[in-house]
Amino acid sequence: MPAAAQSVVMVQPGQVGQGGIVQRPYASPWSGSIQWLAMPAVQKDLELIDEQIEKINNIRQEMQQEMQDAYKNLSSVPAEERQQKYYDMNVGLAERTEKKLMDVLLPEQRERLQQISLQMRLRNYYALGQQLTSEDLAKRLGISSEQKERLLTIQRELQEEMQQKMREFYAKMNEEAEKRMFEGLTSAQRRELQAMMGERFEWSAWGQSAQGARKP
């Protein structure tokens, strides 16, 4: 990634960035229809013909080239202005790209693509609450403020439950892996290995405390 892009630090909506500018949420041209239309399964579902696929590929290449050119231009922009300009560039490019893509598709293909895009958004269980309470869905479904609060609470509960299940799953997998591997050693080799390792050091990527030592 170009240096200009790497230097950008995205902030949450409403936060004040450099220069006192209220930043908006990050928008990437790659997060629109272009990502789904690159998938053979989606192309097949939409029944795209070769001519449409070729046009979509050309649009993707044009977008990528425009991004590269924009990154080069941003390298000369003062740091305090770069974040906002980077955001504006992404939003503008995303809108232009989306329009070009929709012009390639037939009305029924556009409708089906919207359905697929929505399905994929809602399959991300870790952000399902945010998706259901996003502006477009909340308005379309008539979700109330109380419902939004409840949905986000449910999401936090699900995230905590999933993290706990993942901790338990990986802990069990580690125990089983150690047991099976150490069974391939003799008793003397296991004792020697234990002496080499010393007292077991417990750590967790999940921020949990040590759970006690296991010996080979």
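Counting only residues at least eight positions apart within a chain, or on another chain, the lysines with an alpha carbon under 24 Å from that of LYS179 are LYS165, LYS215. A simple count of charges around ILE49, restricted to other residues whose Cβ falls under 14 Å of its Cβ and scoring Lys, Arg +1 and Asp, Glu -1, yields -4. Rounded to the nearest angstrom and listed largest first, the equivalent-ellipsoid semi-axes of the range 78-216 from its Cα gyration tensor are 50, 21, 19.
Using R0 = 35 Å, the C-beta based FRET efficiency linking LEU137 and GLU62 works out to 0.70. In the range 92-140 the Cα-Cα distances spread across 5 Å bins starting at 0 as 4, 19, 18, 21, 22, 14, 2 percent of all pairs.
Please list, by residue number, everything in the range 121-135 whose backbone N is under 12 Å from a paramagnetic label point 7 Å out along Cα→Cβ of GLN163. Those under the cut-off are none; the list is empty. Along the range 143-157 the Karplus relation, 6.51 cos²θ - 1.76 cosθ + 1.60 evaluated at θ = phi - 60°, assigns HN-Hα couplings of 6, 7, 4, 5, 5, 4, 4, 5, 5, 5, 5, 4, 4, 4, 5 Hz to successive residues, with x for each Gly and Pro.
Computed from label points 7 Å out along Cα-Cβ, the spacing between SER76 and GLU149 is 5.3 nm.
Throughout, read-outs are computed from the coordinates displayed, never taken from laboratory work. Owing to the predicted nature of the structure, the values given are computational and were not obtained by experimental measurement. Because the Cβ atoms are built from the backbone with ideal geometry, glycine has one as well, and the counts that use them run over all protein chains shown.
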